[in-house]
Amino acid sequence: MTFAVLFPGQGSQYPGMADPWLEHPDGRSVLEEASAALGRDVARACRDEALLATTEFVQPALLACDVAAFRVLQAHGIRAGAAAGHSLGEFAALVAAGAMDLPGALEAVGIRGRAMQEASNRAPGTMTALIGLTLEEAIEVCDATRDGSVLAVANENAANQQVLSGSVDAVLRAEDEARRRGARAIRLKVAGAFHSPLMEPALGPIREVLARTEIREPGFPVVANVTADFVREPASIRELLSRHVVSPVRWDRSTRVLAEAGFETFVEAGPGQVLSKLARRALPGVRAVAVGSPADIASLAGPSAASAREEVPS
């Protein structure tokens, strides 16, 4: 079976998210490799809510869980034809495609997370999801409420779901304006204003670690967040990852690119079900399933796969 695989990013974490992958030898092997690289037991640390609240730890932990899910998919004979990852999940997509080795990606993501945490400490910010606004309307909200502060569209998640990122005061004003326009505003549980100019102090360390990270041409197509298009050249991958944290995640367009390339089934590999729900809402006729455990994958790969894990988005 050939699918487009979607890898979740920061915000999808939950306590114990690594435990299901300990049940399968391929998943356990990835977690052990990650634990050796990070110098701590990843599965045990993933049970600590305080650690999961830190950008520095949660990013490599999510990467490990995403890759563990992918290795179990492979063990069941499920072949990826293409991939995309939401924000941090893009690193998992590149590891899955063979463009990066897991230890190198873990080092890069660890330094990325630490640099983002330090940037957040230096200039506190936050993020909010606006439900019911188009991208153009979200940009209008930013322009109307920025008032000299930092405020930008960070994630273009769906046609009617945009995430804003910026200074706390500006986000508060934007939420009020969005509600005045009839939209819902949902504050995200994040440690800073990711994918906004407030992350610029993190660019130096990220560029430095990526300069020494081996990056190869992917073994299957990967869609980049920054361009919402397939990326193949190692130099282009390195450059896009280098400015990833200050650029918007063009997710809605990314999934449409995969659908336009002919993919009719999407598998979300890792914690949560957000990406599969977004795909089902945005792409009528596309089948999107979430696999958060080896049991989910066994169902997907088995004879009852046609109906397994189908859910109605809430």
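The values are calculated or read from the model by the stated rules, or taken from the named source; none is laboratory data. All values derive from a computational prediction rather than experimental measurement. Glycine gets a Cβ as well: all are built from the backbone with ideal geometry, and neighbour counts include every protein chain shown. Each accessible area value is taken on the protein alone, full model and side chains, heavy atoms only, with ligands, DNA and RNA left out. Shrake-Rupley method; radii C 1.70, N 1.55, O 1.52, S 1.80 Å.
In table form, for the structure just shown:
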| item | result |
| --- | --- |
| Pairs, first farther than 24 Å from Gln161 by Cα and of a type outside the set (D, E, K, R) in the stretch 120-131, second surrounded by 21 or more Cβ atoms within 10 Å (Cβ to Cβ) and modelled with pLDDT of 95 or more, C-beta under 7 Å, six or more apart | Ala123/Leu198 |
| The stretch 73-92 residues that are over 16 Å from Ala259 (Cα atoms), paired with ones that are among the hydroxyl-bearing types (Ser, Thr, Tyr) (beta carbon under 6 Å, 6 or more apart) | Arg79/Thr2 |
| Condition met for Glu140 (part of a helix (DSSP H, G or I) and free of Cβ contacts under 8 Å to residues at least 12 places away in the same chain) | yes |
| Some residue of the stretch 7-18 being open to solvent by less than 10 Å² (accessible area, probe 1.4 Å) and more than 27 Å from Thr128 (Cβ to Cβ) | yes |
| One residue from Val274, Val226 being within 14 Å of Ser87 (Cα to Cα), in contact (Cβ under 8 Å) with a residue 12 or more places away in the chain and either open to solvent by less than 10 Å² (accessible area, probe 1.4 Å) or touching a helix residue (DSSP H, G or I) at 6+ places or on another chain (Cβ under 7 Å) (or both) | Val226 |
| Filtered residue count, the stretch 118-130, keeping only those that are open to solvent by 40 Å² or more (accessible area, probe 1.4 Å) and under 21 Å from the mean Cα position of the chain (by Cα) | 1 |
| Looking only at the stretch 229-239, and only at residues there that are of a type in the set (D, E, K, R) and either in contact with a Leu (Cβ under 7 Å, 6 or more places away or on another chain) or assigned to a strand (DSSP E or B) (or both), the one that is surrounded by the fewest Cβ atoms within 10 Å (Cβ to Cβ) | Asp229 |
| The lone exception for Thr145 - which of (1) buried (at least 22 other Cβ atoms within 10 Å of the Cβ); (2) without any contact (Cβ under 8 Å) to a residue 40 or more places away in the chain; (3) in contact with a Lys or Arg (Cβ under 8 Å, 6 or more places away or on another chain) it fails | (1) |
| Residue in the stretch 102-120 that is of a type in the set (Gly, Ala, Ser) and not in a helix (DSSP H, G or I) present | no |
| Options Asp48, Asp19: the member that is over 30 Å from Ala261 (Cβ atoms), touching a Cys at 6+ places or on another chain (Cβ under 8 Å) and without any contact (Cβ under 8 Å) to a residue 40 or more places away in the chain | Asp19 |
| Selection within the stretch 163-217 - open to solvent by less than 70 Å² (accessible area, probe 1.4 Å), assigned to a helix (DSSP H, G or I) and aliphatic (A, V, I, L, M) | Val168, Ala170, Val171, Ala174, Ala178, Leu198, Met199, Ala202, Leu203, Ile206, Val209, Leu210 |
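Rundown of residues vs (1) buried (at least 24 other Cβ atoms within 10 Å of the Cβ); (2) of a type in the set (A, V, I, L, M, F, W, C), yes/no style:
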| position | (1), (2) |
| --- | --- |
| Ser29 | no, no |
| Ala36 | no, yes |
| Leu51 | no, yes |
| Leu62 | yes, yes |
| His86 | yes, no |
| Glu90 | yes, no |
| Ala93 | yes, yes |
